[in-house]
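Participant: Mind having a look at this structure? Questions to follow.
Please treat every number below as a calculation from the coordinates, not as lab data. All figures in this text were calculated on a predicted structure; none of them were measured in a lab. Here the Cβ positions follow ideal geometry from the backbone for every residue, glycine too, while neighbour counts run over all protein chains shown.
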Amino acid sequence: MKRKKALGLVELIAIAVGGMVGGGIFTILGISVSMVGFLAPFAIAIGGVIAFFAAYSYVKLGVYYKDDGATYAFFKRTYPSSNLAASFIGWYTIFGYISTLSLYAYTFASYGISGTSFSHDEMARKVVAISIIWVFALINIWSVKGMGKIEDIMVYFKLFILFLISFALIYYSNVDIQEFSNMLIRDLKNSSGLNILIVSSITFVAYEGFQLVINAVNDMENPDKNIPRAIYSAIFIVVFIYFVISLGSVLAIPAEDLIKNKEYALAAGAKDILGTLGENMVILGAVLATSSAISGTMFGSSRQMADIARDGYLPAFLSKRDNTIPKKAIVAMALTASFLIFVGGLKLILEFGSITFLLVSLLMAVANFKIRKKTDSHTLFSLIAILGLVVGACLILYYEYKTKPEQLLFIVGLYVILTIGAYIYAKIGEKRWS
């Protein structure tokens, strides 16, 4: 008897939306306003266009391969004779997930201590962020059941809170249409189109997570239709959510407050407009969003790390499992994420994460272009997707070069280490599979 697939379109959209709304919007708001002012909602929405570029290749490859290994599996199967390709995509994908773990944990800490005497204490924020990483590492080590239905409830509840706060901010704002138009014109004069595109690129990491749909390919109904429907619908929904949240924020909260409290801008603003209840609701939404995202990312990415190590492209001990749980991989991810939190601030983590996922998405776009006839991809759109992702990555690097060259050196240094590691293990993989 054929087993009935458990996941329909609604469930798949929830998976993708839950994966994307994992705390990024709570963090990117203050940084975006500091760079482009009232244009922030539009810049964040343009980031969704970049996400559509990235999604196009994932959708085409996902429908063609129907492999729940997603990114790593797609690239390895597109270049089956290249150990170097498999190693590089494995390393970049895993460290992309580590950067998002760091971002989620940093956001959790920023909102968790907001309103306390430690709200501006960077070291306290880092200690809390590293601590929550290890809390969920221990949960993943000791439990294989995960959150189950509780995860679904958390996804819908955090979305409910976000919509409630957004529309409340818009309702209580004192800015009329004419005043808002004048502010937009002012910021358009003060901000170049290049700055808007830079913000869109930097905030790209807030859209990471739509590919989680493909991990469920073996449990979904009609993947040929539901993979594209779920991913494109989820991105559209998330763009709308982010636009409404950011619009409500810039209308109701003074820009200087958003910039000053950029790590927990939404909570600080909600308190001024809606009182302690509004602040607590935002904090609850941020804590729920980041908690579910940390748990889910730790669960899925640690297993992918173990699979990559099993194939010989990461240290072999990371492939070891205890009752299906890759304990050493979980510990390795927690250690690396903790190091990134300790040495970097919010912008470093955000920019490293965005660059990494832009690079990974670019590799997916290149892979899709290579087999575009098999995946029935449009040649022109595939090239546009590649160009858009290249431009996005270059814009972040350009911004770093112009504003914080020392931070750019650190990011480049991380990539040099990743590249050397991937190259070494590619050679080890060649010996293993020869």
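Participant: Of the peptides 160-173, 99-112, 412-425, how do they stack up when ordered by the mean number of other Cβ atoms within 10 Å, highest first?
Facilitator: 99-112, 160-173, 412-425
Participant: Where the only charges are on Cβ atoms (+1 Lys, Arg; -1 Asp, Glu), what is the dipole of region 239-316 about its Cα centre, to the nearest 20 debye?
Facilitator: I would put it at about 160 debye.
Participant: Longer than 23 Å from Cα to Cα, which of LYS66/LYS158; LYS66/LYS320; LYS158/LYS225; LYS189/LYS271; LYS126/LYS260 are they? Say none if no pair is.
Facilitator: LYS66/LYS158; LYS66/LYS320; LYS158/LYS225; LYS189/LYS271
Participant: Would you give the gap between the C-alpha center of region 190-224 and the C-alpha center of region 25-101, rounded to a whole Å?
Facilitator: Their Cα centres are 6 Å away from one another.
Participant: Moving to a separate point now. Put +1 on the Cβ of every Lys and Arg and -1 on every Asp and Glu Cβ in the chain; which of MET220, GLY193, ILE384 then has its Cα farthest towards the positive end of the dipole?
Facilitator: The Cα lying farthest towards the positive end belongs to MET220.
Participant: In debye, nearest 20, what is the charge dipole magnitude of region 234-367 about its Cα centre with +1 on Lys and Arg Cβ and -1 on Asp and Glu Cβ, if you could check?
Facilitator: 520 debye
Participant: In whole angstrom, and with the biggest value first, how far do the Cα coordinates of the chain range along each principal axis?
Facilitator: That works out to 67, 54, 48 Å along the principal axes.
Participant: Which whole-Hz couplings ³J(HN,Hα) result when phi for each residue of region 334-350 is put into the Karplus expression 6.51 cos²θ - 1.76 cosθ + 1.60, θ = phi - 60°, listed in order with x for Gly and Pro?
Facilitator: 5, 4, 5, 5, 4, 5, 5, 5, 5, 8, x, x, 4, 5, 4, 5, 4
Participant: In percent, how large is the relative contact order of the chain, given Cα pairs closer than 8 Å and 6 or more residues apart?
Facilitator: 34 percent
Participant: Rounded to the nearest 20 Debye, what is the dipole magnitude of region 9-433 about its Cα centre when Lys and Arg each give +1 and Asp and Glu each give -1 at the C-beta?
Facilitator: In total the dipole reaches around 1320 debye.
Participant: Nearest 10 degrees is fine. How inclined is helix 40-65 to the longest principal axis of the chain, computing both from alpha carbons?
Facilitator: 20 degrees
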